[in-house]
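Please read the structure below before turning to the comments.
The values are calculated or read from the model by the stated rules, or taken from the named source; none is laboratory data. Being a predicted model, the structure only gives us computed values, none of them experimental. As a convention, Cβ positions derive from the backbone with ideal geometry for all residues, glycine included, and neighbour counts pool all protein chains shown. When the accessible area is computed, the model is the full protein with side chains, heavy atoms only, and any ligands, DNA or RNA have been set aside. Shrake-Rupley method; radii C 1.70, N 1.55, O 1.52, S 1.80 Å.
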Amino acid sequence: MQKVRTGEVFRFACSRAKGRAEMVLPCLSRLTEALVLEPIRRGAQRVELCAPDCSGCGLRKTAQQWERTLAFSQALCEAAGLGVARISSVQVQVGDAEEIRLPARTPNARRRLFGAIAERWKTSGDAPPLAAEVVDEVEPEPFRDIVQRHSENSKRTDLMRVLDALPGLTVTSKVVPTVGIPLAQLEVDQRCVACNVCETLCPTGALTHREEAGNYALDFDAAQCTGCRICELACYHQALHLRETADLALLFQRSRVTLITDKLSKCQGCGERILGTAAKFCPACQVSGDRRDSVARLFFSGGN
């Protein structure tokens, strides 16, 4: 991003966009929110996405992707108190895009990247091969340990780094629909039995639980959530679900919220633990009991 000039416009363009731009991509669908906001972080007054008519392009099906990225970036900019007008799209004619080049002073980022990769390959090639008998002695990692090893989401990490460094940051509430954006807000109701399956399967570690003095609490960090819905789909009792909207201010606040907290107890039917003392049975046993009562009533009423 050496081409960012303080107080001026930074332009992204696809390779079919006629005109000059600071950065030319094969398709604007390659853009991420972090990349769109990076010029503003570095002092650009505005960011423009230069796009020609996509109907004649072989990648036209990806147009919705960059449009979603544009909309999400604009919403983030507004939530940061910088105004939605700082990022916009510009319709241009079809042609050959020309990328503005700076005088070569130091090796460019791409050359440095490939140089670093080459050095790593060279180093790994000098290392002695692992003995066959050592490989045979390695125990397979348990599945539970694998799924609990939450991996870092590089796109979210890059975005948070940019958001934290935006100039003139003044966080305001900005509620947006969650459809198509990598963010969510969760809700948990009293059907939760503290099984921790949602926490175990969450790929980013956005969900964590606490147990203290017989009490249970499930916490949620929206800044780590990417809206994958795995937790919602994995919840056997359907106690957890995603809201239809989310407040983008949560990405800036970096605070965990408690979704549910209650006293731990045991189901009198199956012995599994449940939350709260009002109910004596877990949701599964309650459903089974209701079905037995319904069958019994039909039996004694002669089927009427």
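Numbers at a glance
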{"read-out": "Potential extension, A165-R149 segment - 0.36 nm per residue separation minus Cα distance", "value": "2.9 nm"}
{"read-out": "Computed log₁₀ I(q)/I(0) - Debye formula, equal Cα scatterers, no solvent, region 202-264, q 0.12, 0.19, 0.27 Å⁻¹", "value": "-0.32, -0.80, -1.31"}
{"read-out": "Distance (nanometres) between label positions extended 7 Å along Cα→Cβ at Q190 and V9", "value": "5.8"}
{"read-out": "Integer Hz, Karplus 6.51/-1.76/1.60 couplings in order for region 182-187, x for Gly and Pro", "value": "x, 7, 7, 10, 10, 9"}
{"read-out": "Reachable lysines, given that their alpha-carbon falls under 18 Å from the alpha-carbon of K263 and they are not under 8 places away in the same chain", "value": "K280"}
{"read-out": "Integer Hz, Karplus 6.51/-1.76/1.60 couplings in order for region 17-31, x for Gly and Pro", "value": "8, 6, x, 9, 8, 5, 9, 10, 10, x, 7, 5, 5, 6, 5"}
{"read-out": "Residue order for T258, T277 - accessible surface, 1.4 angstrom probe, largest first", "value": "T277, T258"}
{"read-out": "Mean Cβ count within 10 Å, highest first, over the residues of peptides 14-23, 162-171", "value": "14-23, 162-171"}
{"read-out": "Three-way shape label, region 1-43, alpha-carbon gyration tensor, a/c 1.5", "value": "oblate"}
{"read-out": "For region 1-89: rounded, prolate or oblate by the Cα gyration tensor [a/c cutoff 1.5]", "value": "oblate"}
{"read-out": "Radius 14 Å from Cβ of A194, net charge of other residues (Lys, Arg +1; Asp, Glu -1)", "value": "-2"}
{"read-out": "Long-range amide H partners of I274 with built H, under 5 Å", "value": "S265, K266, C267"}
{"read-out": "Overall dimensions of region 232-272 as given by Cα atoms, namely Rg and Dmax in Å", "value": "15.3, 45"}
{"read-out": "Contact order relative to length of region 157-233, as percent, for alpha carbon pairs under 8 angstrom and 6 or more apart", "value": "31"}
{"read-out": "Region 195-260 and region 25-79: distance between their alpha carbon centers, rounded to Å", "value": "29"}
{"read-out": "Under 28 Å from K61, Cα to Cα: lysines that are on another chain or at least 8 residues apart", "value": "K18, K155"}
{"read-out": "P(r) weight above 22 Å for region 142-221, C-alpha pairs, percent", "value": "44"}
{"read-out": "At most 11 other Cβ within 10 Å, DSSP loop - GluC sites (Glu not before Pro), region 207-252", "value": "E244"}
{"read-out": "Karplus-derived 3J(HN,Hα), 6.51/-1.76/1.60, for each residue of region 63-76, Hz, glycine and proline x", "value": "4, 4, 5, 6, 5, 5, 4, 4, 5, 5, 5, 5, 5, 5"}
